[in-house]
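Only one structure is covered here, and it is reproduced in the block below.
Only the coordinates and a few stated rules stand behind these numbers; no lab work does. Keep in mind that what you see is a predicted model, and the values were worked out from it rather than measured. A quick note on method: Cβ atoms are made from the backbone with ideal geometry, for glycine too, and the neighbour counts reach across all protein chains shown.
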There are 2 protein chains.
Amino acid sequence: MPDLVTGNAAIGQSGGPTAVINQSLAGIVEGLQTGLAASGQVKRIIGLRHGVRGLLKPGAEGFVDLTTIGKDKLEAIAGTPSAALGSTRDKPDEAYCEKILTSCRKHEIRYFFYIGGNDSADTCRIVSEKARAAGYELRCFHVPKTIDNDLLENDHTPGFPSAARYVTLAHMGDALDNASLGGIKINIIMGRNAGFLTAAASLARGGQSDGAAPADRSPPHLIYLPEVPFSTDAFLADVEAVYARLGRCQIAVSEGIRDAKGEEIAPKLMGTGEVDAHGNVQLSGSGALGDGLSDLVKKGLTPKGGKTPRVRADTFGYLQRCWPYTSPVDAEEARAVGHFAAELAAKGDAAVSTILVRTSNAPYRAECRRADLAAVARRTRHVPPEFIAGSNDITDAFIDYCRPLVGDLPKLERL
Amino acid sequence: MPDLVTGNAAIGQSGGPTAVINQSLAGIVEGLQTGLAASGQVKRIIGLRHGVRGLLKPGAEGFVDLTTIGKDKLEAIAGTPSAALGSTRDKPDEAYCEKILTSCRKHEIRYFFYIGGNDSADTCRIVSEKARAAGYELRCFHVPKTIDNDLLENDHTPGFPSAARYVTLAHMGDALDNASLGGIKINIIMGRNAGFLTAAASLARGGQSDGAAPADRSPPHLIYLPEVPFSTDAFLADVEAVYARLGRCQIAVSEGIRDAKGEEIAPKLMGTGEVDAHGNVQLSGSGALGDGLSDLVKKGLTPKGGKTPRVRADTFGYLQRCWPYTSPVDAEEARAVGHFAAELAAKGDAAVSTILVRTSNAPYRAECRRADLAAVARRTRHVPPEFIAGSNDITDAFIDYCRPLVGDLPKLERL
């Protein structure tokens, strides 16, 4: 038996919620209930209301007791999108982490599980180091979650497959809507720094090309990622070329597109924007980027026969991360990474991030492994060059990578 | 046997597509294949590309031959969202209808089926009258379709239940997203003149109330329909009251909200807007109304403790009408109204709109009946007073009406 400290366990959820973040919560609880709690090392399993904020509330106001939560209730929570404990956008600095540690000591928390992105991994890292420096034994576990798919070490992150499934289904239906009435359709997709979710729009393509020229792609005809410098002139030329050939054009655009200097396009088109706690202009929850690109096309496109084309933009917004129906692979893996963190805790591990590694693509198989917190914390993974084709498309390698993650897709037919 | 004319049949799809409009197309084709085509009265079944526009193309350029389309292909088309034949926004006037009649004579079309809203019913009416006046026997059939649910005579219209299902699922997930991070969330829903689809957001409510006060509604906390005069001041007061109590507020807003004078709110908040062929400002395909309401709240809300709340808006856009997964009831009924139109044609009927009538609510049952074109054409059905509660909610009577239409909903759980 490893040398294990006895105390309470705390679990928090952080950042933008996903459709499967509660699967990870359930996985941790289940893993503790059958592991460290059963063996007596964990006395109480504490859910933190709104992540680390729950630790900073006076008394135990920010706590939900999950020690004896029943299997049925836990399953129902696992199948529910968004963070059941509540989430937070707080990105703790050294002083904030000091307060977290103080609260952990006060409440005898010896196991700290934080489900989130690279900021949450960093919180785990700082708190873990502070605890060690203070001689307080606190074992910290980061459990990955982000629809952006931008964590290093992971083949992909829980939450991404379900969001990718939504984006795919949306583009499948929307492409046919666009085909029925013609014109130019712009879809804005989440992902400020990484274009994985925008790239997932490509899964909407069937095997067949679209239109007269055999080389034509099926919709989405154009895909713009934050990893590829965005030029307004090139964008207009791309759109005009597709529209001239087909009389329509479906375009998938990441909210995070940037110019050659690395400056975001959105704030320029949006005028003054709201700035969040991280100093970033608010991109989601506003249709301004889509409307700005629409205006660009309306004004900039040389119309065929003098008639301005129909131009529409949809900003996918929050629905893409909390749609109640998930990718089955995603639900299973999100549960597994949580459970695995509890298993690592029972083995005496500490200061660790659980990660997902793909071991086979056909048939698809992945497994949970461990990584050091520092390898995941703060750093951002981008869409790699082998997934990017030219300035406005993705490669078949990306489709091979992404397709097993999203689950069965409906078979659509055209006349 | 009724006295039936022999010739070709033409089928068109018109207006904004829906997720089940191809079910109606399949129903008509199936009904003709086993009815009038089998008996020899219908020689060819012609699909019209982009509705009546297909009739105006030179030669038979706008035609798709569906006479012998196979069962498997037809089923695959039926299960595909959006108009497989293509659609049109054209609203034919007398001169346009004269051209339609000329084309029908030229191509020996004796049966004309038009799947669409009240404008399409009107096209059927005008063309039918012109044909009679010209002594040309042409039997016209309107088959209902609109996510707006705004056709008279119908209990509800095919396309509405699937869109209502999308709006419901979106609000279920989004309510939990809003709960996890707090703040104010505004969702803009389609329906310029009728608020049925916006009202469907109410189905996202569970049986339980939300928050401390037992009288509090579950989210969406506020619902604004075009049928109820919208006041900016009242809106701000409503939002402030919910936000003060709960620290969050989910709001469902119809794109067609108007002030007490009947003037639309959107153009005022949007500045200059695009005007469509019907003389209406473009509401869909733009996030401007949501962003305008967000700005109103950000500027107008008296903040608790001096901090401006997090305010986000999503405009549901085109995904709500072409999501690939439909309501099973909707798919079945959309098929049935199309089939019924072909049956009426075989019985010698003419100048008719097929309608859906509910015959029982528990268990839910509906059946197809006939109505005169003039009873459906051009006129708009609004949300009736018995479905409206005060200035910002709907009644249980609406939920009783709408719930059987949308199919099974996921069971979500909260901690």
With one decimal in nm and the nearest listed first, the spacings from A:Pro229 to its own position in the other copies, using label points 7 Å along Cα-to-Cβ, are 5.7
From Cα pairs below 8 angstrom and at least 6 apart in sequence, can you work out the relative contact order of chain B, rounded to a whole percent? 22 percent
FRET E, pair B:Ala38, B:Ala374, Förster distance 35 Å, beta-carbon r, rounded to 0.05: 0.65
Ranked list, fewest to most other Cβ atoms within 10 Å of each Cβ, for A:Lys411, B:Lys261: B:Lys261, A:Lys411
Which of the aspartates and glutamates could be linked to A:Lys298 by a straight reach, that is with a Cα gap under 16 Å, when you skip same-chain ones fewer than 8 residues away? A:Asp233, A:Asp238, A:Glu240, A:Asp314, B:Glu274, B:Asp276
Order of A:Tyr111, A:Tyr401 under a 10 Å beta carbon neighbour criterion, fewest first: A:Tyr401, A:Tyr111
How many nm separate the modelled label positions at A:Glu367 and A:Ser231, each set 7 Å beyond the Cα in the direction of the Cβ? 4.7 nm
Per the 1/(1 + (r/R0)^6) rule, R0 = 41 Å and r from the Cβ atoms of A:Asp72 and A:Thr102, FRET efficiency to 0.05 is 0.70
By Kyte-Doolittle mean hydropathy of at least -1.0 and Cα axial length of at least 15 Å, which whole DSSP H helices of chain B are selected? B:21-34, B:94-106, B:118-133, B:160-181, B:232-246, B:288-300, B:328-346
Rounded, prolate or oblate for the range A:11-84? Axes are the square roots of the Cα gyration tensor eigenvalues, ordered a ≥ b ≥ c, and the cut-off for rounded is a/c under 1.5. oblate
Tally Lys and Arg at +1 and Asp and Glu at -1 over the other residues with C-beta under 10 Å from the C-beta of B:Ala131: what net charge comes out? +3
What does DSSP give for the range B:42-155 in terms of the percent of beta bridges that are antiparallel, rounded to the nearest 5? 35 percent
Determine the shielding of peptide B:178-190 by partner chains: average, over its residues, the number of Cβ atoms on other chains within 10 angstrom of each Cβ. 4
By the gyration tensor of its Cα atoms, with a ≥ b ≥ c the square roots of the eigenvalues, what is the shape of chain A: rounded for a/c under 1.5, prolate for a/b over b/c, or oblate? prolate
Placing +1 on each Lys and Arg Cβ and -1 on each Asp and Glu Cβ in chain B, then taking the dipole about the Cα centre, the residue among B:Pro58, B:Ala84, B:Val352 whose Cα reaches farthest towards the positive end is B:Pro58
Assuming a ≥ b ≥ c are the square roots of the Cα gyration tensor eigenvalues, decide whether the range B:1-124 counts as rounded (a/c under 1.5), prolate (otherwise, with a/b larger than b/c) or oblate. oblate
For A:Asp150, net neighbour charge (Lys/Arg +1, Asp/Glu -1) across residues whose Cβ lies under 12 Å away: +1
Beta bridges per DSSP with both ends in chain B, % antiparallel, nearest 5: 35 percent
Set the bar at 31 Å for Cα to Cα. Now go through A:Lys307/B:Lys261; B:Lys91/B:Lys268; A:Lys91/A:Lys185; A:Lys91/A:Lys411; A:Lys411/B:Lys145 and name every pair that lies beyond it. A:Lys307/B:Lys261; A:Lys91/A:Lys185; A:Lys91/A:Lys411
Given Cβ point charges of +1 (Lys, Arg) and -1 (Asp, Glu) and nothing else, what value in debye, to the nearest 20, does the dipole of the range A:84-174 about its Cα centre take? 440 debye
Can you list the cysteines of chain B that have no other Cys Cβ under 4.7 Å away? B:Cys97, B:Cys104, B:Cys249, B:Cys322, B:Cys368, B:Cys402
Report, for B:Ala260, each distance to the same residue's label point in the other copies, shortest first and in nm; define the point 7 Å along Cα→Cβ. 5.8
Considering only the label points, 7 Å along Cα→Cβ from Cα, what distances in nm to one decimal separate A:Ala375 from the same position in each other copy, shortest first? 7.2
Nearest the rotation axis from B to A, which residue of chain B has its beta carbon, and at what whole-angstrom distance? B:Gly287, 1
